[in-house]
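All remarks here apply to the structure that follows.
The values are calculated or read from the model by the stated rules, or taken from the named source; none is laboratory data. These figures come from a predicted structure and were not determined experimentally. Glycine also receives a Cβ, built like all others from the backbone with ideal geometry; neighbour counts cover every protein chain displayed.
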Amino acid sequence: MFDYHLHSTFSDDARSPMPDVIEAAIAQGLEGIALTDHLDPFYQDDEYPWELDLPRYWDALTAAEEQFGGRIRFAKGIELGMTQGEGVQACEDAVTAYPFDFVIASVHHTKRAPIHTARFLEGRPMAAVIEEYYTEVLACIRAFKSYDVLGHLNVIDRYTEGYAAESVYMPYAEEILKQAIADGKGIEVNTSTFRYGMADRGTPTPAILRRYKELGGEIVTTGSDAHDARSVGAFIKEGEEILLAHGFRYVATFRGHVPTLHKL
Ligand SMILES: [Zn+2]
Ligand SMILES: [Zn+2]
């Protein structure tokens, strides 16, 4: 099993130092992991600016690889929070400055506001919220190609009042999937949904996974999105079962942005 979405205290809201996260992964018997701490350029929150001290982060990743690399397959990763324009330019600058193995591209905010806040969610119909979120993802990946998988593609479902209907979000999601596939990019099954009590929804939703497969997509990673050592590896098994149930036969890992497909 592989956990390709892990946060350490380099992320503003995470609680476990990197060595503890890796020790937890080894204790769980995971075959491979990717550390993917947050960088969200231009995020509008003083308390959680989601900045990342890249030189320090890179040093920590390198030290961790030296210390633990013999015990677990270890990918040096990062999770980017994209926004259009100067946001993706800053993402590009960050990930091309270091030879990362693996880059998750997510959208956590738009120029309007962070997507989980009242400023983003309230005072307009849900369809408008859905449209703005997915349109942001699509605009970003039309400009930005230095990533490997899209993070938690339907993450907006965590914050809306009730879940958007397929007919509302799928037209947008489909365009995103087509773009990602055309660019040779993957998606992730983000198993934090189980921890958040949203197992009925899934990240991505069954409709998104199905469509990605139908369109010829093959690259999927599994990740717990753990923000503490206790959650490392959580529900990865369930994530693999979801992939199998949707006809996927492989799970992906990355080295130097090159995917390796492992039989499930
Ligand atoms: Zn994220
Ligand atoms: Zn994350």
- [ ] Identify all residues within the stretch 2-23 that are assigned to a helix (DSSP H, G or I) and out of contact with any strand residue (DSSP E or B) (no Cβ under 9 Å at 6 or more places or on another chain); write none if there are none.
- [x] Pro19, Asp20, Glu23
- [ ] Filter the stretch 43-55 down to residues that are under 28 Å from Phe120 (Cα atoms) and free of Cβ contacts under 8 Å to residues at least 60 places away in the same chain and give me whichever is nearest to the chain's Cα centre (by Cα).
- [x] Trp50
TODO: Inspect all residues belonging to the stretch 9-17 and state whether any of them is of a type in the set (A, V, I, L, M, F, W, C) and more than 16 Å from ligand 2 (Cβ to nearest atom).
DONE: no
- [ ] Report yes if Asp183 is among the charged types (D, E, K, R), at pLDDT 95 or above and under 15 Å from the mean Cα position of the chain (by Cα), otherwise no.
- [x] no
- [ ] Could you list, in sequence order, all residues of the stretch 147-170 that are in a helix (DSSP H, G or I) and either of a type in the set (S, T, N, Q) or crowded, with 23+ Cβ neighbours inside 10 Å (or both)?
- [x] Ile156, Ser167, Tyr169
- [ ] Give me a count of the residues in the stretch 24-53 that are assigned to a helix (DSSP H, G or I) and out of contact with any helix residue (DSSP H, G or I) (no Cβ under 6 Å at 6 or more places or on another chain).
- [x] 3
Open item on the list: Checking the structure you have, find out if any residue of the stretch 50-59 is modelled with pLDDT of 95 or more, buried (at least 17 other Cβ atoms within 10 Å of the Cβ) and within 16 Å of ligand 2 (Cβ to nearest atom).
Closed with: yes
Open item on the list: Looking at the stretch 72-92, can you tell me whether even one residue there is basic (Lys, Arg), under 22 Å from Glu240 (Cβ atoms) and away from ligand 1 (no atom under 14 Å from the Cβ)?
Closed with: yes
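For (1) out of contact with any Ser or Thr (no Cβ under 6 Å at 6 or more places or on another chain); (2) free of Cβ contacts under 8 Å to residues at least 12 places away in the same chain, each residue gets a yes or a no:
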{"position": "Met18", "(1), (2)": "no, no"}
{"position": "Leu30", "(1), (2)": "yes, no"}
{"position": "Leu39", "(1), (2)": "yes, no"}
{"position": "Tyr57", "(1), (2)": "yes, no"}
{"position": "Gly81", "(1), (2)": "no, no"}
{"position": "Gln89", "(1), (2)": "yes, yes"}
{"position": "Val95", "(1), (2)": "no, no"}
{"position": "His108", "(1), (2)": "yes, no"}
TODO: Could you grab me the full set of residues in the stretch 187-216 that are assigned to a loop (DSSP other than H, G, I, E, B) and more than 18 Å from Tyr163 (Cα to Cα)?
DONE: Leu215, Gly216
Open item on the list: Test of understanding: among Ile176, Ile208, Ile187, which residue is surrounded by 16 or more Cβ atoms within 10 Å (Cβ to Cβ), without any contact (Cβ under 8 Å) to a residue 60 or more places away in the chain and either within 25 Å of Ala14 (Cα to Cα) or polar (S, T, N, Q) (or both)?
Closed with: Ile187
TODO: Run Ala173 past the list (1) within 16 Å of ligand 1 (Cβ to nearest atom); (2) part of a helix (DSSP H, G or I) and report the number of the one that doesn't hold.
DONE: (1)
